[in-house]
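*Asks:* Have a look at this one before I ask anything.
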Protein chains: 2
Amino acid sequence: MKKIGIALIGAGTVGQGVLKILNSSSELIQKRTGVELNLIGVCDKNPKVLEHYPQYQLCSNYTDLIKREDVNIVVELIGGTDFAYQVVKDALRYKKTVVTANKALLSEKGHELFALAKEKEVEIGYEAAVGGAIPIIRSLKSSLISNEFQAIYGILNGTTNFILSKMEQENLNYLEALRLAQELGFAERDPTFDVEGIDAAHKVSLLASLAFGYSVSIKDMYVEGITKISKTEIFFAKELGYRIKLLGICSKEANGIEARVQPTMVPIHHPIAGVMNEMNAVYVYSNYSGPMMFFGKGAGSLPTASAVISDLVYYGSRIGSETGFENNLFHRVKIIPTSEIEEKFYLRFNTYDRPGVIAYIANILGKNKISISSVRQEETKKEPAEVIFLTHKTKEKSVRKAIEEIDKNREYILQPTIMMRIEELT
Amino acid sequence: MKKIGIALIGAGTVGQGVLKILNSSSELIQKRTGVELNLIGVCDKNPKVLEHYPQYQLCSNYTDLIKREDVNIVVELIGGTDFAYQVVKDALRYKKTVVTANKALLSEKGHELFALAKEKEVEIGYEAAVGGAIPIIRSLKSSLISNEFQAIYGILNGTTNFILSKMEQENLNYLEALRLAQELGFAERDPTFDVEGIDAAHKVSLLASLAFGYSVSIKDMYVEGITKISKTEIFFAKELGYRIKLLGICSKEANGIEARVQPTMVPIHHPIAGVMNEMNAVYVYSNYSGPMMFFGKGAGSLPTASAVISDLVYYGSRIGSETGFENNLFHRVKIIPTSEIEEKFYLRFNTYDRPGVIAYIANILGKNKISISSVRQEETKKEPAEVIFLTHKTKEKSVRKAIEEIDKNREYILQPTIMMRIEELT
């Protein structure tokens, strides 16, 4: 029987889940694994966090707790990048293994923290930082260990996936769907972090590092959220056989690493298009395993805590054993500028219903060497007339240039043109 | 750097994949994990298996190879339950960790082999035995370690999923789709093992053991393959909003463990219904993590080898370390008889187009306390008239009894009634 001493710093939503699981399932875990998880103490500024768990000890000073000799693992569930940063750094300095769900912290300060962990010969577990309960980190690090990765496409944020799902299912506009998400607890009062794609971008940077062995900063990434998605795009996507998802994408291209977050049209029959409401999913292409998808709850107290606990058992088992190391220390790399990436595009032009409009648009697209795969105009009696062009693979900068020129002509074009990426995900 | 000595016994399809990955990716694995996989020798009766890998050593006597002191792990990729059984037993006796893809062996002799492994203080890795590249074993054993499992629904056999997909997509009957699968290499010349559900049943027994902590024998299981599925059912399933999948099912019910393999109608918009062609998927319900699905290639040389390699690194890392144990030793349990399980049913009656038919059927169903959720009869000019009843949840034995009685009346009923389970997978 291996006994692992744990210090829990931060007992909010996820921390409460950890307390519940430790309280209810420690025996089961011990029976299944031979590892005993022993919670030494809990630190939180809220004195009520242990209301339901009087058997655990609340500590007022986190350093006193983490430096204790019987503490093997420090669990950081504070969130944010200030105090959490200090706690993780201190824990590593005391040569404690760290388990965290903090994607922002690892995305922004990971390089420094992983270097410190290596120096101190301890590990950092972060299964809970990406995809909640979904074991995507362990799968990339262990189950797919021999594979070279080609691309990862993720629905990495439950709030935005819920909003997009409700826009489609209940014919709501963005603000109506956001309000519904807030009422049901799937969106924060200030939803910026989620709806602008920042949360997903932090996760993409962690996945890209693991998959490609290079550290990727979200500052270099193109990050677009869902606040500008209209009912019209939701509708046309479906008509054309696609569905709009906020995808976190990273891939290995001939000219480097690509990493971005943006609303993307994906084929409606592709497994990732079927991931609805608050669920998350990660679709992975690798050389030996082939395509693979992991689907599950990406957030919430217990699903996230379940991932934290799995790290406690996994890294707990490894403490003091000669198990090799896990490499998390990667060189920073510049990613390919979005404008250089070749994709298919959906373009919706808001036009006056006049002769010559389609020819005008098609001419400028042709001049910019944008090859068209299909054109669609609904018969309509009112303006604007919506004209939709789908392109073959082409560079984004050509498309942007063409649109800029097209949109100048106020005799044909009524409102700014909408463009969206299409990923065929073959 | 941890160096792990490996003996490979059996270098057929999956073994060749293992050789390819060891040959191409050992350095990458070492860089990522600090573990060096060192192939000491290969045993196979075919002298040509190392044609492309002259750097490895072919051994004629497997016991000479596995007893070598520099061999830490024996990889059994022979298949079958005779010689493979002997090899695994011998390896364990020599205190070697075993990695295998052999679901039949572990399903039939697992109890004895896991007991021997425990006695000798070594481990048996079998990630490759279920779902090919999909890391379902590791996820159940490690990522979901704190969870109690409620149910697992798996598309666990690529051959049958391919056949069912082609029957739908290309409007083929079973034999035509089987022939296509054989031509494309997705079905064996003798497909019995796959199409009769036996392969899936072995996998269900392994999943049920891990999830519920009880050993389940396929001899106790209801196992039905796909050989009797007709184009008519494929068609009506779709009309009714379902799709037919060969599901391996295990679940924890109030009165015990349920485990079975059978063609099942699942809601067409459920993620598992979208798993097409040769792909596999495992859908898991557990108390903390919530619903989760793993999707990927369930067979093939490299996907399966990728899983073998992940076990080599994982169990290799643990050798000689105090990492706790993995419990694989479970008491045998009797499963709930299928007849006692409550499900919804699809019933298709082949009737003469005469007045009174529907009343006749409905009466007998009612008499057997089977509650009807919907009835459907197409307007048709030719006989048989197809009448479809969907039931609410009801015991299978009541349905079988009712059908037996209904089918006796040759004035109404033209051909034996077809019944199929419906799983709503909420």
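The values are calculated or read from the model by the stated rules, or taken from the named source; none is laboratory data. What you are looking at is a predicted structure, and each value in this text was computed from that prediction instead of being measured. Cβ placement follows ideal geometry from the backbone for every residue including glycine, while neighbour counts extend to all protein chains displayed. Protein only, heavy atoms only, side chains kept; ligands, DNA and RNA dropped before computing areas. Shrake-Rupley method; radii C 1.70, N 1.55, O 1.52, S 1.80 Å.
*Asks:* Can you tell me which condition B:TYR126 does not meet? The list is (1) open to solvent by 30 Å² or more (accessible area, probe 1.4 Å); (2) within 14 Å of chain A (Cβ to nearest Cβ); (3) aromatic (Phe, Trp, Tyr), and all the others hold.
*Replies:* Unmet for B:TYR126, out of (1) open to solvent by 30 Å² or more (accessible area, probe 1.4 Å); (2) within 14 Å of chain A (Cβ to nearest Cβ); (3) aromatic (Phe, Trp, Tyr): (1).
*Asks:* Name the pairs: first residue in the stretch A:38-67 and closer than 22 Å to A:SER24 by Cα, second residue polar (S, T, N, Q) and open to solvent by 60 Å² or more (accessible area, probe 1.4 Å), Cβ to Cβ under 7 Å, at least 6 apart or on different chains?
*Replies:* These pairs meet every condition: A:GLY41/A:GLN57; A:VAL42/A:GLN57; A:TYR53/A:ASN23.
*Asks:* Out of the residues in the stretch A:305-316 that are hydroxyl-bearing (Ser, Thr, Tyr) and open to solvent by less than 10 Å² (accessible area, probe 1.4 Å), which is modelled with the lowest pLDDT?
*Replies:* Residue satisfying both the conditions and the ranking: A:TYR315.
*Asks:* Return a yes/no flag: does the stretch A:297-320 have any residue that is assigned to a strand (DSSP E or B) and facing chain B (nearest Cβ under 9 Å).
*Replies:* There is at least one residue in the stretch A:297-320 that is assigned to a strand (DSSP E or B) and facing chain B (nearest Cβ under 9 Å).
*Asks:* If we keep just the residues of the stretch A:248-258 that are open to solvent by 30 Å² or more (accessible area, probe 1.4 Å) and not acidic (Asp, Glu), which is nearest to the other protein chains (Cβ to nearest Cβ)?
*Replies:* Ranking the qualifying residues of the stretch A:248-258, first place goes to A:LYS252.
*Asks:* Among the residues of the stretch A:1-29, which ones are open to solvent by 50 Å² or more (accessible area, probe 1.4 Å), in contact (Cβ under 8 Å) with a residue 24 or more places away in the chain and either on the phi > 0 side of the Ramachandran plot or within 12 Å of chain B (Cβ to nearest Cβ) (or both)?
*Replies:* A:MET1, A:LYS3, A:LYS20, A:ASN23
*Asks:* If you check B:TYR412, B:TYR346, which single one turns out to be in contact (Cβ under 8 Å) with a residue 40 or more places away in the chain, farther than 19 Å from B:GLU233 by Cβ and buried (at least 18 other Cβ atoms within 10 Å of the Cβ)?
*Replies:* After applying the criteria, what remains is B:TYR412.
*Asks:* Suppose the filter is within 25 Å of A:GLU112 (Cα to Cα), among the basic types (Lys, Arg) and crowded, with 19+ Cβ neighbours inside 10 Å; does A:ARG243 pass it?
*Replies:* Judged against the criteria, A:ARG243 is not a match.
*Asks:* Can you pull out the residues in the stretch B:212-239 that are open to solvent by less than 10 Å² (accessible area, probe 1.4 Å) and within 13 Å of B:HIS331 (Cα to Cα)?
*Replies:* B:VAL216
*Asks:* Of all residues in the stretch A:285-296, how many are in contact (Cβ under 8 Å) with a residue 24 or more places away in the chain and part of a loop (DSSP other than H, G, I, E, B)?
*Replies:* 3
*Asks:* Additional query: Of the numbered conditions (1) open to solvent by 30 Å² or more (accessible area, probe 1.4 Å); (2) within 22 Å of the chain's Cα centre (by Cα), A:ILE319 satisfies every one except a single condition; which is it?
*Replies:* (2)
*Asks:* Taking only the stretch A:270-284 into account, find how many residues are outside any helix (DSSP H, G or I) and farther than 9 Å from A:LEU425 by Cβ.
*Replies:* 9
Residue by residue, here is whether (1) within 12 Å of chain B (Cβ to nearest Cβ); (2) more than 20 Å from A:ALA201 (Cβ to Cβ); (3) touching a Cys at 6+ places or on another chain (Cβ under 7 Å); (4) of a type in the set (Ser, Thr, Tyr) holds:
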position: A:GLU233; (1), (2), (3), (4): no, yes, no, no
position: A:ALA237; (1), (2), (3), (4): no, yes, no, no
position: A:LEU240; (1), (2), (3), (4): no, yes, no, no
position: A:LEU246; (1), (2), (3), (4): no, no, no, no
position: A:ARG260; (1), (2), (3), (4): no, no, no, no
position: A:GLY274; (1), (2), (3), (4): yes, yes, no, no
position: A:MET279; (1), (2), (3), (4): yes, no, no, no
position: A:VAL284; (1), (2), (3), (4): yes, no, no, no
position: A:TYR288; (1), (2), (3), (4): yes, yes, no, yes
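*Asks:* For A:GLU176, indicate whether it is part of a helix (DSSP H, G or I), farther than 30 Å from A:GLU340 by Cβ and not small (Gly, Ala, Ser).
*Replies:* yes
*Asks:* Which of the residues belonging to the stretch B:322-343 are under 28 Å from the mean Cα position of the chain (by Cα), within 14 Å of chain A (Cβ to nearest Cβ) and either surrounded by fewer than 21 Cβ atoms within 10 Å (Cβ to Cβ) or under 30 Å from B:GLN377 (Cα atoms) (or both)?
*Replies:* Those that are under 28 Å from the mean Cα position of the chain (by Cα), within 14 Å of chain A (Cβ to nearest Cβ) and either surrounded by fewer than 21 Cβ atoms within 10 Å (Cβ to Cβ) or under 30 Å from B:GLN377 (Cα atoms) (or both): B:PHE325, B:ASN327, B:LEU329, B:PHE330, B:HIS331.
*Asks:* Report, by residue number, each residue of the stretch B:30-56 that is buried (at least 18 other Cβ atoms within 10 Å of the Cβ), within 14 Å of chain A (Cβ to nearest Cβ) and modelled with pLDDT of 95 or more.
*Replies:* B:LEU37, B:LEU39
Matching residues to (1) within 24 Å of the chain's Cα centre (by Cα); (2) farther than 30 Å from A:ILE137 by Cα:
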residue	(1), (2)
B:GLU36	no, no
B:ASP44	no, yes
B:SER60	no, yes
B:GLU69	no, yes
B:ASN72	no, no
B:ILE78	yes, yes
B:PHE83	yes, yes
B:LYS96	no, no
B:LYS103	yes, no
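*Asks:* Right, another one. Out of A:SER139, A:SER165, which single residue is more than 13 Å from the chain's Cα centre (by Cα), open to solvent by less than 10 Å² (accessible area, probe 1.4 Å), closer than 25 Å to A:LEU390 by Cβ and within 14 Å of chain B (Cβ to nearest Cβ)?
*Replies:* Going through A:SER139, A:SER165 in turn, the sole match is A:SER165.
*Asks:* So, of the residues in the stretch A:262-272 that are more than 12 Å from every other protein chain (Cβ to nearest Cβ) and buried (at least 23 other Cβ atoms within 10 Å of the Cβ), which turns out to be nearest to A:GLU196 (Cα to Cα)?
*Replies:* Of everything passing the filter in the stretch A:262-272, A:THR264 is nearest to A:GLU196 (Cα to Cα).
*Asks:* Filter the stretch A:377-408 down to the residues that are farther than 15 Å from A:THR351 by Cβ and open to solvent by 70 Å² or more (accessible area, probe 1.4 Å) and list them by number.
*Replies:* Those that are farther than 15 Å from A:THR351 by Cβ and open to solvent by 70 Å² or more (accessible area, probe 1.4 Å): A:HIS392, A:LYS393, A:LYS397, A:ARG400, A:LYS401, A:GLU404.
*Asks:* Of these, A:LYS382, A:LYS369, which one is among the charged types (D, E, K, R) and either out of contact with any helix residue (DSSP H, G or I) (no Cβ under 7 Å at 6 or more places or on another chain) or under 23 Å from A:VAL266 (Cβ atoms) (or both)?
*Replies:* Going through A:LYS382, A:LYS369 in turn, just one is among the charged types (D, E, K, R) and either out of contact with any helix residue (DSSP H, G or I) (no Cβ under 7 Å at 6 or more places or on another chain) or under 23 Å from A:VAL266 (Cβ atoms) (or both): A:LYS382.
*Asks:* Do we have any residue at all in the stretch A:350-358 that's in a strand (DSSP E or B) and either within 13 Å of chain B (Cβ to nearest Cβ) or surrounded by 22 or more Cβ atoms within 10 Å (Cβ to Cβ) (or both)?
*Replies:* So far as the stretch A:350-358 goes, yes, one or more of its residues are in a strand (DSSP E or B) and either within 13 Å of chain B (Cβ to nearest Cβ) or surrounded by 22 or more Cβ atoms within 10 Å (Cβ to Cβ) (or both).
*Asks:* Quick check: is even one residue across the stretch B:138-151 touching a Leu at 6+ places or on another chain (Cβ under 8 Å), among the basic types (Lys, Arg) and modelled with pLDDT under 95?
*Replies:* Yes, the conditions are met somewhere in the stretch B:138-151.
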